[in-house]
Every structure is written in C-alpha cells, then in structure tokens.
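The values are calculated or read from the model by the stated rules, or taken from the named source; none is laboratory data. Nothing here was measured: the structure is a model prediction, and the numbers come from that model. For neighbour counting, all protein chains shown are included, and Cβ atoms are generated from backbone atoms with ideal geometry for every residue, glycine included.
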Amino acid sequence: MTPPLLKRAQFLPVEVAPVVGEAADGYLERVAEANNLSPSDMKHMTGVGTVTQLRRRTLGDGRPRPAARPGPDGWTPGTIVQACPRCLADDGIWKADWYDPLTTACLRHGTLLIGQCPDCRRPLRDTTHTWIRPNGAATLCGNPLTRGRGPRCSTDLAALDAQMTERGVRKQQERHAASTALVLGKALTAEEYRATLKALAVLMLHIVSAAQNPPQSWELPTTKRWYLRPPQDPIVRAEVLAEADRILTAPDQATAATAFQPWFDAIPAVWDGPTSWALDHTRATSMVARLINAAAAPKQRLGHRLNCNVSLSLDSRFIPQRIPASFEQLPGSGLSEATSRGFAALCLARAQPGVTTWADAARVLGLPPHRGVDVARTASAHLSVTPDGWIAHLRTVAAHLLDDAVDYRYRENLVREFDGSEVVAVLRQVRPGTRTNSHDLIRTWLWENWANADPPTTPERSVAKDRRSRARYAQFKQHLRIDDGQHLMHYASGQEIAAYQGVPRQRPHTARQARRRLTAAPSSALQRREFS
C-alpha cells in the first residue's frame, strides 16, 4: 500500500511507479527528476521540509516521538543511511532497509553495506536543509563539500567496492529479515527479536568502551551514549550485532550465559556491582535481563549460594564454632587462620535447612547473632577465592567433620562443667608450676582448642573482659608447651569417653592415676584426631 505522503506524487504529469521496499526520499527524488521539480516545489507539495520529518513519517512504526516514549532512540530506522553499491549499480533504487541501523549487509549480494563516502568522508545523503539532493536520482554521492550552494561530491557510489560478509553476520541478517527468531530456545516475533538484539548490542558496546580488557576491541568513537548514537560504521555494527546474535541464539539460557560470561566479567568494578551496572547501561528486555542474571549467578553473594546447599548438609552438632586447626586450610584465601576457621564454620551452618541469615547461622552454633554478621562481613571483604573454590573447600571440611562425628555442643557443655581446681591439678602433673588461679586460662584453652569454640564466648568471662585479661591469656598460650596441651586434650577426651560410657567422673589425685587414665588408647574413632 502506498503511504499517504506519496499519493500526492501520483497526480503529477509524469507518474513514477514506486518500487517495493524503496525509501521515500529516493522515490521522491525520482519523482522530482521526472517532473523537473525543485526541492522547494517538493517541499510545498509534500508539506515536509526536513530530512528528519520525512524519515519519521515514512520509516519505523509510526508511533509519536518523543513525547510518547521515555527518550530518543538512535537505533530506529532513519537515523542512519547506508547503501549497497551493487544494488545501486543494478537499478539505482535506494532501499528502505538501508536506513535501518540493524541492517548491515545485503543478503542479495552477500556484501556489507557502506555508510560513508570514501572521498568526502561524510555519511551518505548528508543533507541538513533538504531531503532532495541536487544531483537527483543519480548514484552520485551528492554531499555538499562546502557550506551553501557550493560544489558537491561527485563520487559514484555504484562503482565502489563492498566487503563480503562473514558467516555469522549473514546468519544474523537472515534472522533479522525473518518474521520470527529463536532466542534462548524461545520463539520471538521480529519486533521482540529486534528489541532484544538491540539491548544486548548496546550493553556490549558500553562494556567495550568502559572495560580495560574487553573480549572484543572494536574501533569505536568516544561516546558514552550508545543507545542514542549507534556506531556509524556498518562493519563495526555488523560485528557487534553478530556477536550479540551468537549469544542470544544459544539453545538454552545456561549456554548463552556461558557465552556472555567473558563480557560480564569485563564490566568495571563499581560500588553497586556488575549487575546494576549492566542494567543501567541498556534498556534490558526480559530476555537480556535473564541473561544478565544468569551470568551474574557465579558472582552472587556467598550466603545466597549456601542456603540449603544439599552437598553441605550436616548435623549442626558436628559443626564447631571454629573449624579445627588440624584441618587443612585453604591456601590463598586472603583470610587469616582465625577468620578462615570461623567463617568456614558459619558457612556450614548457613547451608543447613531453615538457616537464611548469618545471624541465624551464629545462633545454630551457639554464638551471639552479631558475631556471625561481623565475621561474615570481614570475610567477604577479604576473601580472594571464587565462591566455587570456597564451596569446594567447605565440602572437604564437611566430609572430615562427618567422618569424625564429634558432638561439639556436648564438648562445650563439658568444658563449662569442668572443675577449676581439677583442671589445674591435671596440668600440674606435667607443669608443676601452674598457679591455682590459672583455672580460667586452662578452661578457656580447652574451650578454644578442644571444643574448637570461639574464644570470646568462653565460659570464663574474666578472660575476655578487657585487653589486660586477653593479654594474660595470650601469654599463657604462648608459654604452654605442645606436650602440656596434649596432656590437657587427653584429659578432656577421657572425660568425654567416660561420660559417653556412663562412668562416673573421678578426680585424679596423683600423677600416677592421671597418667594411667589419660594415656589409655582411645576407645572410639571420634578421639583419634586429639590422640594423634
């Protein structure tokens, strides 16, 4: 059907039949040339004075702009003019598809379109005051070389060479020309495909402009508003659109996310995260938003990935407040030993059913809720391994804890029940100079090293009440020999075994009684780590 604007051209002396798919300004140039009409005559006849007005009324979807839209869109048809030299050589007709920024190649000849004249180095049909070139419908460039009524570029566009298209570009252009397209395994209409392709292409252009080492290094002009001004070079646009199409036409979302991952990883570090940056730099469709979220999944906060992690399921009684120091620590984690042990225990607690916050994880382990939040915040700020690497480390730790099957809640209760004078007497067997008032230090040491509990939560509050008390405990630990510590561990493990077997606890009165009871072989595999 002929547009209303062009119907007036049918009442002229010489009738010119429009060609299917012909651009309006190209057709009106042919009409003006056939009827010897000047640009002012055509302006009066059509009521359209500028190129922008003409293309807005004859290209695109016809919806009002910009009042009914949130902002201008540089990717709408008419914002760019291109041409296929071979098509111009065949019939001299300017195609309407050449005015679409998403069209980058001629499927008929298998060549890329050209976007500027190689001689005057200006965009094609670069006229500002009139949409009819003085040279008429000829295939000459016709761009003004000076301001005003000066000479015009006489380059014959039909005689120019065109670059052949690559396979990826041709496949993308074929999908663009089709009525439907598969995106992430779902059939989309041509309009939906166009919006999705444009959104991803704009995002990729922003990433290339902002990233230090982007996956692709296209030669782009300096701009920060790719949605308003797409690349003028058809070759660059063809490569961008082909790469975006390759990602979008993956068979499923997981495959597409893997293909998009290098682009997502190249997003510069910002305070609100790469996902927010990506969504801020494009008008994301539902498909592009899903792709961004899928690519961001490996970078999600560790806590969200731990929630109900089946591979880390473990009885909470087997999880100490701090992972035993005898377990192999993850090298290169960026955390101190104490923080690494405490954070690993919190992560295992966070992975249990019903635990959704770090405060809840702390409660499961018998820690104050704020302690869990503080440790998680410190660890998150310094953790230098990937979430996948840390979770793999947690799986190893969980397997060791499950093999040992030590009830750490029971051990904590035993330490609370230990008699102060008794533990002093035990240590005096190997360290005769132990003071009577050191019972709080001994119980705190057992709390930290045998029950693997957090030192600030020791039942001996006097040890952690101020800096001087903590320094006193640190000095005690520093001077406690390895053999002395093993002696205390044997004593505590013996008390645990006796409690499991229902044997009444007996206080050792002599060194001989203590050695006889504490040097016995462990009766259970639960104690092997302490006796090793």
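For this structure, a couple of remarks:
- Among residues of the stretch 229-254 being over 28 Å from ALA162 (Cβ atoms) and in contact with a Gly (Cβ under 9 Å, 6 or more places away or on another chain), the one that is modelled with the highest pLDDT is ALA250.
- Among the residues making up the stretch 414-445, those that are within 19 Å of GLN475 (Cβ to Cβ), surrounded by fewer than 18 Cβ atoms within 10 Å (Cβ to Cβ) and among the polar types (S, T, N, Q) are THR436, ASN437.
- Scanning the stretch 177-220 for residues that are crowded, with 22+ Cβ neighbours inside 10 Å and of a type in the set (D, E, K, R) turns up just one, LYS198.
- Residue identified as assigned to a strand (DSSP E or B) and either of a type in the set (D, E, K, R) or in contact (Cβ under 8 Å) with a residue 60 or more places away in the chain (or both) among LEU102, LEU182, LEU197: LEU182
- Members of the stretch 140-179 that are part of a loop (DSSP other than H, G, I, E, B), in contact with a strand residue (DSSP E or B) (Cβ under 9 Å, 6 or more places away or on another chain) and of a type in the set (A, V, I, L, M): LEU145, LEU160, ALA162
- ALA257 free of Cβ contacts under 8 Å to residues at least 60 places away in the same chain, more than 26 Å from PRO118 (Cα to Cα) and not assigned by TED's automatic domain parsing to the domain that holds THR79: yes
- Evaluation of ALA257 against (1) surrounded by fewer than 21 Cβ atoms within 10 Å (Cβ to Cβ); (2) closer than 19 Å to ASP388 by Cβ (one fails), failing number: (1)
One line per residue, one yes/no per condition, for (1) outside any helix (DSSP H, G or I); (2) among the hydroxyl-bearing types (Ser, Thr, Tyr); (3) within 19 Å of ALA451 (Cβ to Cβ):
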| site | (1), (2), (3) |
| --- | --- |
| GLN329 | yes, no, no |
| GLY332 | yes, no, no |
| SER340 | no, yes, yes |
| LEU348 | no, no, yes |
| PRO353 | yes, no, no |
| ALA359 | no, no, no |
| HIS370 | no, no, no |
| ALA381 | no, no, no |
| SER384 | yes, yes, no |
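- Matching entry among VAL236, VAL240 (being among the β-branched types (Val, Ile, Thr), within 23 Å of the chain's Cα centre (by Cα) and not in a loop (DSSP other than H, G, I, E, B)): VAL240
- Count - residues of the stretch 98-128 that are out of contact with any strand residue (DSSP E or B) (no Cβ under 7 Å at 6 or more places or on another chain), within 11 Å of CYS84 (Cα to Cα) and surrounded by fewer than 18 Cβ atoms within 10 Å (Cβ to Cβ): 3
- A search for C-beta distances below 8 Å between a residue of the stretch 112-136 that is under 13 Å from ARG149 (Cα atoms) and modelled with pLDDT under 90 and any residue that is part of a loop (DSSP other than H, G, I, E, B) and of a type in the set (A, V, I, L, M, F, W, C), counting only pairs 6+ apart in sequence or on different chains, returns nothing.
- Applying the condition of being touching a helix residue (DSSP H, G or I) at 6+ places or on another chain (Cβ under 6 Å) and in a helix (DSSP H, G or I) to the stretch 444-462 and asking which residue is nearest to VAL375 (Cα to Cα) yields PRO455.
- The condition (being under 25 Å from LEU446 (Cβ atoms), of a type in the set (A, V, I, L, M, F, W, C), in contact (Cβ under 8 Å) with a residue 12 or more places away in the chain and surrounded by 14 or more Cβ atoms within 10 Å (Cβ to Cβ)) is satisfied by just one residue among ILE391, ILE323: ILE323.
- Among the residues of the stretch 430-479, those that are hydrophobic (A, V, I, L, M, F, W, C) and more than 22 Å from ARG411 (Cβ to Cβ) comprise ALA471, ALA474.
- Leading residue by the ranking (surrounded by the fewest Cβ atoms within 10 Å (Cβ to Cβ)) among those in the stretch 305-320 that are part of a loop (DSSP other than H, G, I, E, B) and either charged (D, E, K, R) or at pLDDT 90 or above (or both): ASP315
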